[in-house]
Every structure is written in C-alpha cells, then in structure tokens.
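Comments concern the structure below.
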Amino acid sequence: SAVISQKPSRDICQRGTSLTIQCQVDSQVTMMFWYRQQPGQSLTLIATANQGSEATYESGFVIDKFPISRPNLTFSTLTVSNMSPEDSSIYLCSVEEPGGTGSYEQYFGPGTRLTVT
Amino acid sequence: GQSLEQPSEVTAVEGAIVQINCTYQTSGFYGLSWYQQHDGGAPTFLSYNALDGLEETGRFSSFLSRSDSYGYLLLQELQMKDSASYFCAVRDLSGNKLVFGAGTILRVKS
C-alpha cells in the first residue's frame, strides 16, 4: 500500500496569510485527492489533482482559494489562501490503489491540522 | 447525487458484537466501502463490497444488499482499540471519487 507523508503536520496561522501543504507519495499515482475534515465531521473532497492537468474542484471550492500543484506523479501541494478562522480544519491528501476484490482503496496521509487565529 | 446515512454514535462493551448500518442513495453504484478513523489519525480502509453478501476479514465483516441500498459493518469480539469513527463511502457517478457518510462514533466500554 502507498505510504503518504504530509508537511507540515500542524500549523497555527494568522488570518489573511496563506499556507502551502505538501503531500509526498512513495509510488507513482495518477490521481491525488485533497480533503478537508472539520472537527467531528466527515471528509469533504476539495479537489482531485491529476499530473499534467488542472485540478478538478468540487462545488464550494475554488482555485483562487485552494490552488493546487501537481508537478509529478508522486507529489502535490495544496495552498490555503487568504485564511480565515473558518479554514481551521484538518487537510488530508489521499491516493487510490486497486485492491484485491476489484475495489479501489484510498490511502490517506496523516493530515495537516491547521488553526487560523 | 449521492447521500449516505449512518448512525451518529454507537456504544458497546468489550467482547460484544456491534453492527453499524449504512443506507445510501446513488445515481449509479460502484460498491460500498468502510473506513476507520481513530481520534487524531488518518482514515484507513477496512472493506469493500460490490456484490451482495457478507465479506469477512478477521473480526470485521461487511455486508451489502444492493436491492435495499443498504450495508453494514459488523465488528466482533470488540476491543477497546476499536473505539473510533467509522465511515461508509460510495463512489460517485463518474466513478472517480468517493463520497463519505457522516461517520459513526463507536465507543467501546470495559
């Protein structure tokens, strides 16, 4: 299974600033996914990042607020721009691999815990 | 679109059996998955059902009934370490991404 690392693991940022989160995978993958998980809530997909093309954003998320880079098949970044306290959340990157039963299993990074003051 | 319903919280005692239900509404169906997430940790894949019936993996089993748009996760011989949130998830119409339920917090008591 894929091993995913994220940096930073946590950060406290001031409103109005931006933070870039890095996601590194130990194998080449076609699609990488960025999720947000607010405390006690489920996972909400922000965008899907394919190498060599623009990321695909979900409803409610826009590129100006959450620009994503995908320079190669093992790495991606998510930037949270012009932050406000409402952006305080855990941000997770994820990849998919085929499973043994015809499934596709998602593997998640450890997450970046962001607090905006 | 897709929507999933699961109980918000379940409590059980060590050694017991617990069942976490999930009902879903989808425009197309590509299988039901279950993920476990411990407090402060990342979600981890538990199981996947594309066809009706029961899939068993150790103490955990997952069931699917496509005609009822219903599935469940069964945890046997509960241990304290099973205390976590459990999410069911289905694939969206494009087949490219997962949609997660709101999650069920399982509390295991001694």
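About its Cα centre, the protein assembly as shown has a charge dipole of approximately 500 debye under the convention of +1 per Lys or Arg Cβ and -1 per Asp or Glu Cβ, with nothing else charged.
Compute the distance from the alpha-carbon center of region B:51-67 to that of region B:15-32, in whole Å. Centre-to-centre (Cα) distance: 9 Å. Provide the net charge surrounding residue B:98, with neighbours chosen by a C-beta distance below 11 Å and charges set as Lys +1, Arg +1, Asp -1, Glu -1. Residues near residue B:98 contribute -1 overall. Count Lys and Arg as plus one, Asp and Glu as minus one, and take only other residues whose Cβ is under 13 Å from that of residue B:73; the net charge is then -2. Post the alpha-carbon centroid distance, region A:62-87 to region A:13-53, in whole angstrom. Cα centroid to Cα centroid, the span is 7 Å. Per residue of peptide B:33-41, the mean number of Cβ atoms on other chains within 10 Å of the residue Cβ is 2. Using a 4.7 Å Cβ-Cβ cutoff, the cysteines of the protein assembly as shown lacking any partner cysteine are A:13.
Each value in this text was obtained by applying a stated rule to the coordinates, not by laboratory testing. Just so it is clear, the structure is predicted and the values come from calculations on it, not from any experiment. Using ideal geometry, Cβ is built from the backbone for each residue, glycine included, and neighbour counts are taken over all protein chains shown.
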